[in-house]
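What follows is calculated from the coordinates using simple rules that are stated; it is not laboratory data. Because the structure is predicted, anything quoted here is derived from the model rather than measured. Because the Cβ atoms are built from the backbone with ideal geometry, glycine has one as well, and the counts that use them run over all protein chains shown.
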Amino acid sequence: MTTTTDSAVPLLRTSGLNKWYGHEPSTVGRMAGRPSTRLHAVADVSLTVSRGETYAVVGETGSGKSTLGRLIVRLEDPTSGDVQIDGRSVMGLDREESQQLRRTVQIILQDPYSTLNPYRTVAASIGEVLKVHGMRSRAERDAETDRLFELVGYPVSMRDRLPGQLSGGGRQRVSIARALAVGPKLIVADEPVSALDVSVQAQVLNLFEKLRDELGLAYVFITHDLAVVKRLADRIAVMYLGRIVEEGTAAQIINDPQHPYTRALLDAAPSLDARREPAAPSLTGDMPNPIEPPSGCVFHPRCPAAMDVCRREVPVVTTPDAGRSVVCHLYPPSPPEIVTVEGDVTA
Ligand code: SF4
């Protein structure tokens with residue numbers, strides 16, 4: 001997989017990404033006439049992330065944000081749509097190209113146990129990655145491991161500990177060091193601080209910020225908590241039931257949310273502004289069953305602003321102000337693009 005360094009080409013682009021999971025009924029269910037069902041986990045997601053940018057994906061559990069992260073790093077294949085890294089599609093890569101993709105894009109998960117072998121010292125876990133990616137000399141691997149530990153603020157004196165002997169914050173620093181071992185340009189961080197104490201969360205978020213500034217990394221930062229990405233994010237996408245319902249700069253989303261679901265998420269995160277009185281919760285009810293999504297706007301059963309049209313018609317993407325898109329009937333559809341053909345103007 002040959003990549004480009006053309007700065008005009010986004011580092012990451014997803015186009016019309018869909019992921020469905022099919023479910024066949026049991027034998028008894030089939031005999032009772034139950035049909036097979038389909039869960040649309042990610043629905044028509046298109047986004048771009050530039051070099052050095054932090055793109056946050058926010059939503060409740062079940063919104064499809066983690067599935068989106070897994071599609072970006074090719075832990076799962078999309079049902080349809082495309083993922084491009086540095087302008088090249090990652091679909092249908094051969095073995096060597098897949099290995100190169102793994103060097104460019106890494107994932108960090110909420111639970112570092114899923115990437116760290118509990119029976120190996122943390123230094124050995126990182127050394128193993130360096131070896132797989134071509135560092136033959138043991139001395140070189142040890143020196144590089146220690147450099148990575150220093151980079152993430154993990155004490156080199158604890159290099160021979162097992163993951164189970166570390167605090168949650170220590171384990172997450174090691175898993176970040178492990179991801180950095182291959183020199184990625186993009187890190188997909190899936191709820192990387194949600195299992196940590198609040199004070200440790202702040203330290204690890206500072207680390208993400210420092211690494212972005214020092215190494216020029218880009219992040220897709222997946223979280224259920226808008227407060228977590230308030231400082232870190234450049235842009236934010238809000239997901240609901242597999243769809244992006246609002247996207248904009250961090251300032252637009254945090255200071256002036258437009259979609260009723262974004263507003264509800266902000267109301268549920270009073271820690272965004274300690275001076276703000278917690279608002280009356282505007283998000284009631286549970287996420288609907290994704291196998292049988294509601295008609296029209298999928299948010300309508302929970303939306304305090306729902307109108308008749310919301311139950312009937314699927315809203316389209318609108319751009320109420322520059323740099324922001326919203327999918328909601330409250331906003332008039334964007335006017336069609338004007339195309340000029342040799343002096344003629346056609347809508
Ligand atoms: Fe609410 Fe209607 Fe907008 Fe959906 S389309 S978010 S139901 S106002």
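Can you tell which of Ala123, Ile236, His224 lies farthest toward the positive end of the dipole of the chain, using +1 and -1 charges on the Cβ of basic and acidic side chains (Lys, Arg; Asp, Glu)?
It is Ala123.
Calculate the tail of P(r) for region 1-134: the fraction of all Cα-Cα distances greater than 18 Å, expressed in %.
The calculated P(r) of region 1-134 puts 65 percent of pairs beyond 18 Å.
Return the percentage of antiparallel bridges among DSSP beta bridges fully within the chain, rounded to the nearest 5 %.
That works out to approximately 60 percent antiparallel.
Please report, in debye to the nearest 20, how large the charge dipole of the chain is about its Cα centre when each Lys and Arg carries +1 at its beta carbon and each Asp and Glu carries -1 there.
1000 debye
So for the chain, averaging the separation of alpha carbon pairs under 8 Å that are six or more residues apart and normalising by length, what relative contact order in percent results?
Across the chain, relative contact order equals 18 percent.
Taking other Cβ within 10 Å of each residue's Cβ, how do Asp308, Asp111 sort, fewest first?
In order of increasing Cβ crowding within 10 Å: Asp308, Asp111.
Rounded to the nearest 500 deg cm²/dmol, what is the calculated helix-only ellipticity per residue at 222 nm for the chain, with -39500 (n - 2.57) per DSSP H run of length n ≥ 4?
-8500 deg cm²/dmol
Which of Val45, Val122, Val198 moves the most in a Gaussian network model of the chain with Cα springs under 10 Å?
Val198
Could you line up Phe149, Phe221 from fewest to most neighbouring Cβ atoms inside 10 Å?
Phe149, Phe221
Which three extents, in angstrom, do the Cα atoms of the chain have along their principal axes, listed largest first?
Principal-axis extents of the chain (Cα, largest first): 67, 58, 55 Å.
List Met91, Met135, Met239 from most exposed to least, where exposure is judged by having the fewest other Cβ atoms within 10 Å.
Neighbour counts put them in this order, fewest first: Met91, Met135, Met239.
If you add up the charges near Ala123, with Lys and Arg at +1 and Asp and Glu at -1, over every other residue whose beta carbon is less than 14 angstrom from its beta carbon, what do you get?
Every neighbour counted, the sum reads +3.
What relative contact order, as a whole-number percentage, does region 1-114 give when Cα pairs under 8 Å and 6 or more residues apart are counted?
RCO, region 1-114: 37 percent.
With springs only between Cα atoms under 10 Å, which of Val314, Val228, Val238 fluctuates most in a Gaussian network model of the chain?
Maximum fluctuation in the GNM of the chain, among the listed residues, is at Val314.
Taking every alpha carbon pair in region 42-111, what does the distance histogram look like in 10 angstrom bins from 0, in percent?
16, 54, 28, 2
Take the Cα radius of gyration of region 163-313 and divide it by 2.2 N^0.38 Å, with N its residue count; two decimals is plenty.
Dividing the Cα radius of gyration by 2.2 N^0.38 Å gives 1.21.
Once you have a ≥ b ≥ c as the square roots of the Cα gyration tensor eigenvalues for region 84-229, tell me rounded if a/c is under 1.5, and otherwise prolate or oblate according to whether a/b is larger than b/c.
oblate
What is the distance, in nm, between label points placed 7 Å from the Cα along the Cα-to-Cβ direction at Ser157 and at Asn255?
In this crude spin-label approximation the distance works out to 4.5 nm.
Just how far, in whole angstrom, is region 42-63 from region 171-201 if you go by their alpha carbon centroids?
Their Cα centres are 17 Å away from one another.
Quick one: of Lys65/Lys230; Lys65/Lys131; Lys19/Lys131; Lys131/Lys210; Lys19/Lys210, which pairs are farther than 24 Å apart, Cα to Cα?
Exceeds cut-off: Lys65/Lys131; Lys19/Lys131; Lys131/Lys210; Lys19/Lys210.
Of Ile176, Gly92, Ala143, which is farthest on the positive side of the dipole of the chain, counting Cα position, with +1 on Lys and Arg Cβ, -1 on Asp and Glu Cβ, and the Cα centre as origin?
Working it through, the farthest residue towards the positive pole turns out to be Ala143.
In the P(r) worked out for region 104-169, what percent of Cα pairs fall beyond 14 Å?
It works out to 60 percent of all Cα pairs.
Report, as a whole number in µm² per second, the diffusion coefficient that Stokes-Einstein gives for region 154-204 at 25 °C and 0.890 mPa s using the Kirkwood radius over alpha carbon pairs.
Roughly 206 µm²/s, to the nearest whole number.
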